[in-house]
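Here's the structure, in structure tokens; my notes come after.
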Amino acid sequence: IPRVDTKPIAKALIARFGSLAEVLGAPASLLEEVKGIGPTVAIDLKVIAATAQRMARGEVRGREVLSNWTQLLDYCRSAMAFESREQFRILFLDKKNGLIADEVQQTGTVDHTPVYPREVVKRALELSASAVILVHNHPTTPSMVTLDHAEYR
């Protein structure tokens, strides 16, 4: 947005979506409904969101995931909080609880995603994972990643 006061646009975005996280998680089509946001700016905001997700993921990779619960929660939120459909995601860990891989095993509907234990175990064995963290989201509450159901071994 060249040479324009962006403060009113920023305020309009926050008023519409509630927070910066919600703005960055919103689909481009909804961003464009806000006065002053065209396709280019919407894409710029999506690039910023993708960059933030990559940075959060980078902070966790190769580190002891379970030694810092807050970092794990932030990582999962950045990866899943604004998905429009449920995801069943697996974090595969090595013997020091370092992240080997983060994979979406299944993508479901707005309120359901299938889980196949055989496939979870099969993939963990393929990666020689010592532990896994199983996570899924609830798209109906986009600002929270439900980790109540997370299991780790």
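Looking across segment 1-32 at every residue that is in a loop (DSSP other than H, G, I, E, B) and surrounded by 11 or more Cβ atoms within 10 Å (Cβ to Cβ), the one that is modelled with the highest pLDDT is identified as Glu32.
Checking each residue in segment 130-139 for being within 8 Å of Phe92 (Cα to Cα) and within 22 Å of the chain's Cα centre (by Cα) picks out Ala131, Val132, Ile133. Report whether or not Leu72 is modelled with pLDDT under 90 and either in a helix (DSSP H, G or I) or β-branched (Val, Ile, Thr) (or both). Yes.
Evaluated against (1) in a strand (DSSP E or B); (2) within 12 Å of Met80 (Cβ to Cβ), Thr113 falls short on exactly one condition, (1). Look at (1) farther than 15 Å from Tyr75 by Cα; (2) free of Cβ contacts under 8 Å to residues at least 24 places away in the same chain and you find that Val115 fails only one, number (2). Among the residues of segment 12-55, just one is within 21 Å of Pro139 (Cβ to Cβ) and of a type in the set (Val, Ile, Thr), namely Val23. Residues of segment 78-110 that are within 27 Å of Ile48 (Cα to Cα) and either part of a loop (DSSP other than H, G, I, E, B) or assigned by TED's automatic domain parsing to the domain that holds Pro27 (or both): Ala81, Phe82, Glu83, Ser84, Arg85, Glu86, Gly108, Thr109, Val110. Of everything in segment 92-112 that is touching a Leu at 6+ places or on another chain (Cβ under 6 Å) and touching a residue at least 40 places away in the same chain (Cβ under 8 Å), the residue that is nearest to Glu22 (Cα to Cα) is Asp102.
The values are calculated or read from the model by the stated rules, or taken from the named source; none is laboratory data. Source: prediction; values computed, not measured. Cβ sites come from the backbone with ideal geometry, for glycine too, and all protein chains shown count toward neighbours.
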